[in-house]
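Here's the structure, in structure tokens; my notes come after.
The values are calculated or read from the model by the stated rules, or taken from the named source; none is laboratory data. Since we're looking at a predicted model, the values are computed, not measured. Because the Cβ atoms are built from the backbone with ideal geometry, glycine has one as well, and the counts that use them run over all protein chains shown. For accessibility, only protein heavy atoms count, side chains too; no ligands or nucleic acids. Shrake-Rupley method; radii C 1.70, N 1.55, O 1.52, S 1.80 Å.
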Amino acid sequence: MPAFAAGRAELINRMGLAAYAQLMDRFAATERQINRAWSAAADGVEAEVNDCLATAAILLEETIERLGAARP
């Protein structure tokens, strides 16, 4: 995660601000789902944990695809 955040300026230069915003939209959504899964686990709601992690996996794949488009 730190390396991803540290590369912000380079990603904006490569992708442009609009594409970077779309990348970060998926990345932030992934992070929210992981946080929801953690909260659900703490509350003992296993079905919600599984749903959130499944959604996070999909969002992370989208993030990776968008990040791959930024490679020179």
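Tabulated values for the structure
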{"read-out": "Fraction of accessible area attributable to carbon and sulfur, the chain (%, probe 1.4 Å)", "value": "58 percent"}
{"read-out": "Solvent accessible area, Å² - LEU60, 1.4 Å probe, full protein context", "value": "80 Å²"}
{"read-out": "In Å², nearest 10: area of ASP25 left accessible to a 1.4 Å probe", "value": "70 Å²"}
{"read-out": "Förster radius 35 Å - calculated FRET efficiency between ALA42 and GLU65, Cβ distance, rounded to 0.05", "value": "0.65"}
